[in-house]
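The values are calculated or read from the model by the stated rules, or taken from the named source; none is laboratory data. Note that this is a predicted model, so its numbers are computed, not measured. Please note: Cβ atoms are built from the backbone with ideal geometry, for glycine as well, and neighbour counts cover all protein chains shown.
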Amino acid sequence: MQKGEIKMVRHIVMWKLKEDVKPHQAIDILQPKFKNLLGKVEGLEDIDVGINYNGGEYDIVLYCVFASKKAQDDYQANPLHLEIKTVVHSLVCGRTCADTEF
């Protein structure tokens, strides 16, 4: 990547579901909500959420691509994202995330 080139951001979040929440239940709730953000959140280029079929500590994975770090920061404060965050908190008991530029 050349100096001064705009860098896009990958935002990956993984959640551990509460014991009483099944992965398919969570996806049925979360997938339409996250997909609805496309075209409504400026700088959000792609978004997908799915079940981690490899097992392990985390059950659900969210993958987002943002046009820039600023777009990602704006997403974090966006009221539509904050509404979904409330729903997510009702379903999960653990979270980890990673962000990379490309």
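The table below gives the values:
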{"quantity": "Among residues of the stretch 62-77, those that are farther than 15 Å from L30 by Cβ and either touching a Leu at 6+ places or on another chain (Cβ under 8 Å) or among the hydrophobic types (A, V, I, L, M, F, W, C) (or both), counted", "calculated": "6"}
{"quantity": "Residue that is surrounded by the most Cβ atoms within 10 Å (Cβ to Cβ), among those in the stretch 53-84 that are among the hydroxyl-bearing types (S, T, Y) and touching a Lys or Arg at 6+ places or on another chain (Cβ under 9 Å)", "calculated": "Y58"}
{"quantity": "Residue match in the stretch 7-22 (condition: outside any helix (DSSP H, G or I) and modelled with pLDDT under 95)", "calculated": "yes"}
{"quantity": "One residue from C93, C97, C64 being over 11 Å from the mean Cα position of the chain (by Cα) and outside any loop (DSSP other than H, G, I, E, B)", "calculated": "C93"}
{"quantity": "Single residue of the stretch 1-25 satisfying the filter (of a type in the set (A, V, I, L, M, F, W, C) and loosely packed, with under 12 Cβ neighbours inside 10 Å) that is nearest to K69 (Cα to Cα)", "calculated": "I6"}
{"quantity": "Residues of the stretch 26-44 classified as of a type outside the set (S, T, N, Q), surrounded by 15 or more Cβ atoms within 10 Å (Cβ to Cβ) and either touching a strand residue (DSSP E or B) at 6+ places or on another chain (Cβ under 8 Å) or assigned to a loop (DSSP other than H, G, I, E, B) (or both), total", "calculated": "8"}
{"quantity": "Residue match in the stretch 48-57 (condition: in contact (Cβ under 8 Å) with a residue 60 or more places away in the chain and of a type in the set (S, T, Y))", "calculated": "no"}
